[in-house]
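Participant: Before we start, here is the structure in question, set down as structure tokens.
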Amino acid sequence: MTIPVSERELKALRALGQVYADDGNYLSFRAVAQRSGLDPQHVRRSVRALARKGFAQYGKGLWSEDGEMRGAGYCCTHDGMTLLQYVGEEQDSNGRQHCRS
């Protein structure tokens, strides 16, 4: 099966997937850039592409548990987590990561 996302999109999806378990946690573009190491300009494109493909979801008017306004952001969807589990990561003998298909 061909993976339906680019390498950049996959990096952004991994960043979103890191907070998936925290049910309802959304990340700003800045937070995705910090977690993924991607350039902020690429994050915007990548995350929006993930949302169009159904792997990420946009949320606005977000509030913290303390009642503070958090603004807007994106979170990983169930389909996004399924893709991350499918892709998986392994390290070769040189310590480099590669995708498993």
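Any read-out appearing in this document is the output of simple, stated calculations on the displayed coordinates, not a laboratory observation. None of the values given here were measured: they were computed from a predicted structure. Because the Cβ atoms are built from the backbone with ideal geometry, glycine has one as well, and the counts that use them run over all protein chains shown.
Participant: Quick check: pseudo-label points 7 Å beyond the Cα along Cα→Cβ at Glu7 and Ser28, how many nm apart are they?
Facilitator: Between Glu7 and Ser28, the simple spin-label model gives 2.9 nm.
Participant: Roughly speaking, what is the stretch gain from Trp63 to Ala51, that is 0.36 nm per residue apart minus the C-alpha to C-alpha distance, in nm to one decimal?
Facilitator: 2.2 nm
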